[in-house]
Amino acid sequence: QIAEMEMLLEQEINRKRVIRLMNLQRSKRQDIGPGFATVVKVVNSFLDKCVQQNDVKGGKMMMIMSETFFRFKHPPKSDNNKSEVGPKGRENRREYLQESIKHHRIWQNLHFWEEAFFLSVREEVVKHLKQVQEGNVSKETNFGGFYRNILFGQLGSYALNMRNFGVTLDVTLSFIRKLCVVNRIGEEKRKMLIKNAKMI
């Protein structure tokens with residue numbers, strides 16, 4: 001079955017279908033349960049194809065999905081040898097898909113992170129312009145300022161993701177500095193981004 005799935009994932013259209021199905025599923029249930037190990041294999045194969053075909057959008061979407069789906073691990077034991085109960089105990093037992101795929105080579109590829117960053121920025125701009133067109137939000141009088149806010153927000157989000165997916169702090173800081181220069185993000189915001197990255 002995995003071999004068949006790998007063949008199907010060769011095609012971008014099928015990878016898009018996988019993301020669409022996962023997106024639908026996460027609105028219903030995020031606990032994968034006994035199928036967790038199989039999903040990990042499929043996702044790693046999915047990411048292999050993304051690397052081979054430079055499918056940045058597919059990799060970016062799978063990154064988001066991996067932060068949503070999980071399985072419950074065996075209940076942790078407290079001092080009196082009873083399982084922890086309540087929201088805190090339940091949360092502690094969650095193993096997210098992200099943990100099982102964070103060692104994939106795609107996350108060590110700086111080209112992927114840069115392309116994914118600019119893709120996310122474009123998506124945010126398009127989303128905003130569509131809302132303006134539909135009359136849901138007022139037109140920006142200062143689009144430059146609005147655009148810089150998107151850049152700042154996305155850069156902060158990507159720095160967090162990079163650290164969560166095992167990218168070293170040095171590489172993450174280098175990424176922040178480079179994109180601040182490229183996008184003309186000011187010194188004050190650059191320092192804020194670096195400070196936040198160091199706290200992750």
Legend entry - Length-normalised contact order for the chain - Cα pairs under 8 Å, 6+ apart - percent: 16
Legend entry - J(HN,Hα) series, region 181-191, from Karplus relation 6.51 cos²θ - 1.76 cosθ + 1.60, nearest Hz, glycine and proline x: 5, 4, 9, 6, 7, x, 4, 4, 5, 4, 4
Inset, instruction - For the chain, set up a Gaussian network in which alpha carbons nearer than 10 Å are linked by springs, and say which option among Gln98, Gln30, Gln52 fluctuates the most. - result: Gln52
Legend entry - Candidate values [x] 139; [y] 177; [z] 168, label of the one derived for volume of the Cα convex hull per residue in Å³: [z]
Legend entry - Calculated over region 1-75: convex hull of Cα atoms, volume per residue (Å³): 89
Legend entry - Exposure rank, largest accessible area first [Ser138, Ser66, Ser100; 1.4 Å]: Ser138, Ser100, Ser66
Inset, instruction - Report, to the nearest whole %, how much of the accessible area of the chain belongs to carbon and sulfur atoms, 1.4 Å probe, protein only. - result: 51
Inset, instruction - Multiply the residue separation of Arg122 and Val181 by 0.36 nm, subtract the distance between their alpha-carbon atoms, and state the gained length in nm to one decimal. - result: 19.4 nm
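Checking the table Lys41/Lys189; Lys16/Lys73; Lys28/Lys102; Lys73/Lys198; Lys178/Lys198; Lys49/Lys102 against a 28 Å threshold on Cα-Cα, which pairs fail?
The answer is Lys41/Lys189; Lys16/Lys73; Lys73/Lys198.
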Legend entry - Summed residue charge, Cβ within 11 Å of Arg71's Cβ, Lys/Arg positive, Asp/Glu negative: 0
Inset, instruction - Could you pull out every residue, at least 5 positions away or on a different chain, whose amide H is within less than 5 Å of the one on Arg94? Hs are placed 1.01 Å off N in the peptide plane, and Pro or chain starts have none. - result: Lys73
Inset, instruction - Please give the helix 143-164 orientation as an angle from the longest Cα principal axis of the chain, in degrees from 0 to 90, rounded to the nearest 10. - result: 30
Inset, instruction - Would you mind telling me which residue in Thr172, Thr68, Thr38 has the biggest mean-square fluctuation in a Gaussian network model of the chain, where springs connect alpha carbons within a distance under 10 angstrom? - result: Thr38
Inset, instruction - Show me 6-18, 180-192 ranked by packing, highest mean number of other Cβ atoms within 10 Å first. - result: 6-18, 180-192
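The values are calculated or read from the model by the stated rules, or taken from the named source; none is laboratory data. The model shown is predicted, which means the values in this text are computed figures rather than measured ones. Virtual Cβ from ideal backbone geometry, glycine too; neighbours counted across all protein chains shown. The area values use the complete protein model at the heavy-atom level, side chains included, leaving out ligands, DNA and RNA. Shrake-Rupley method; radii C 1.70, N 1.55, O 1.52, S 1.80 Å.
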